[in-house]
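I have placed the structure first, in the form of structure tokens, so that the comments after it can refer back to it.
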Amino acid sequence: MSSNTPNSFVFAIIMCVVCGFLLTAAAVGLKDRQDQNVRVDQQKNILKALGLLPSGKLSNDTIQSLFGDRVRHVWMTETGDIVKSSQEGARELYIVGTPSLIENYAIPFEAYGLWSWIKGYIALKGDGKTISGLTVYSHGETPGLGGECEKPWFQDQFLGKQIVDLSGKFTSIGVVKGKVEDLISKKDQNRYVDGMSGATITGKGMEKYLKMELLNYE
């Protein structure tokens with residue numbers, strides 16, 4: 001065995017220790033910034049769902065200021081009361097207005113598609129029946145197929161749609177395989193959106209879990 005072998009082992013061990021220390025230091029040092037970026041991205045998506053996000057590139061400070069000025073983070077208890085802090089069984093709400101006069105509100109949702117959990121926010125007007133926006137911030141669906149759930153053309157369809165039928169009964173929102181205008185009668189078209197081509201399972205997954213989530217708030 002070469003006389004340099006022990007030195008090589010020592011060098012390798014030292015490098016591992018040093019690199020591990022540097023990686024740990026970097027992770028700890030950047031944690032606050034990473035946490036802030038996650039928080040800002042969450043606020044950005046909530047503002048987008050609520051229709052309050054201006055177009056163009058916005059700084060983190062601008063997003064946080066806009067969110068703080070316009071949106072209230074509250075919880076809804078199992079009995080329907082709105083409270084300022086989390087309680088067992090309570091569900092998150094992001095409201096515009098006041099608890100007694102809600103103009104708009106957003107709720108988080110998770111829907112399982114073909115390969116992954118799709119996470120986002122859906123917002124409704126204060127009437128509790130008209131969708132004012134939907135956004136997706138995380139998914140692992142196939143690009144060009146189920147991954148279209150993150151694209152504006154899909155999300156923008158939800159704006160103005162209804163989650164109740166003509167009699168006012170809760171129905172949620174449907175995602176059709178194809179075009180709404182070709183498959184759904186005109187009187188019911190305001191409760192459906194066009195599906196994503198080649199991604200029926202993703203669309204139906206979103207339909208199923210959105211209904212479950214909205215029903216919880218009903």
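The values are calculated or read from the model by the stated rules, or taken from the named source; none is laboratory data. Note that the coordinates shown come from a computational prediction; the quantities given were computed from them, not determined experimentally. All Cβ positions, glycine included, derive from the backbone under ideal geometry; neighbour counts span all protein chains shown. Keep in mind that these areas ignore ligands, DNA and RNA; they rest on the heavy atoms of the full protein, side chains included. Shrake-Rupley method; radii C 1.70, N 1.55, O 1.52, S 1.80 Å.
Amide H to amide H, with H built 1.01 Å from N, ILE118 comes under 5 Å of ALA111, TYR112, GLY113, counting only residues 5 or more places away or on other chains. For HIS73 and ALA12, a Förster radius of 45 Å and the Cβ-Cβ distance give a FRET efficiency of 0.35, rounded to the nearest 0.05.
Helix 60-70 and the longest principal axis of the Cα set of the chain meet at an angle near 30°. Taking the helices alone, the chain has a mean residue ellipticity at 222 nm of -12500 deg cm²/dmol, built from -39,500 (n - 2.57) per DSSP H run of at least 4 residues and averaged over all its residues.
The angle between the Cα long axis of helix 200-217 and the main principal axis of the chain comes to about 70°, on a 0 to 90 degree scale. Give the shape of segment 30-159 as rounded, prolate or oblate, defined through the alpha-carbon gyration tensor: a ≥ b ≥ c are the square roots of its eigenvalues, a/c under 1.5 means rounded, and otherwise the shape is prolate if a/b is larger than b/c and oblate if not. It is rounded, given that a/c, with a ≥ b ≥ c, falls under 1.5. Among the trypsin sites (Lys or Arg not before Pro) found in segment 156-218, those both in a DSSP coil and sparsely packed, with 16 or fewer other Cβ atoms within 10 Å of their Cβ, are LYS169, LYS177, LYS179. Of the residues CYS16, GLY97, PRO152, the one whose Cα sits farthest toward the positive end of the charge dipole of the chain, with +1 on the Cβ of Lys and Arg and -1 on the Cβ of Asp and Glu, is PRO152.
Checking the table LYS151/LYS208; LYS177/LYS208; LYS57/LYS84; LYS57/LYS125 against a 24 Å threshold on Cα-Cα, which pairs fail? The pairs that break the limit, which is 24 Å between Cα atoms, are LYS57/LYS84; LYS57/LYS125. Surface listing: ASP61, ASP188 arranged by accessible area from highest to lowest gives ASP61, ASP188, probe 1.4 Å. Taking the accessible area of the chain, probe 1.4 Å, and keeping the other protein chains in place, the carbon and sulfur fraction comes to 55%.
With all pairs of different alpha carbon atoms counted, what Kirkwood hydrodynamic radius in Å does the chain show? Write down the numbers at each step before the final one.
Details: mean 1/r = 0.0503 Å⁻¹.
Every distinct Cα pair counted, the radius reaches 19.9 Å.
Positive end of the dipole of segment 25-143 (Cβ unit charges, origin at the Cα centre): among GLY120, TYR137, PRO54, the Cα lying farthest that way belongs to PRO54.
The residues of the chain present an accessible area of 60 Å² per residue when probed at 1.4 Å with all protein chains retained.
Taking a 1.4 Å probe, which of MET76, MET212 shows the most accessible area, and what order do the others take after it? Intermediate values should be presented prior to the final figure.
Details: MET76 30, MET212 95 Å².
Ranked list, largest accessible area first: MET212, MET76.
Couplings 3J(HN,Hα) of segment 43-50, computed from phi: 5, 4, 5, 5, 4, 5, 4, 7 Hz, in residue order, whole Hz [Karplus 6.51 cos²θ - 1.76 cosθ + 1.60, θ = phi - 60°; x for Gly and Pro]. Simple point charges give the picture: +1 on the Cβ of Lys and Arg, -1 on the Cβ of Asp and Glu, and for the chain a dipole about the Cα centre of about 240 debye.
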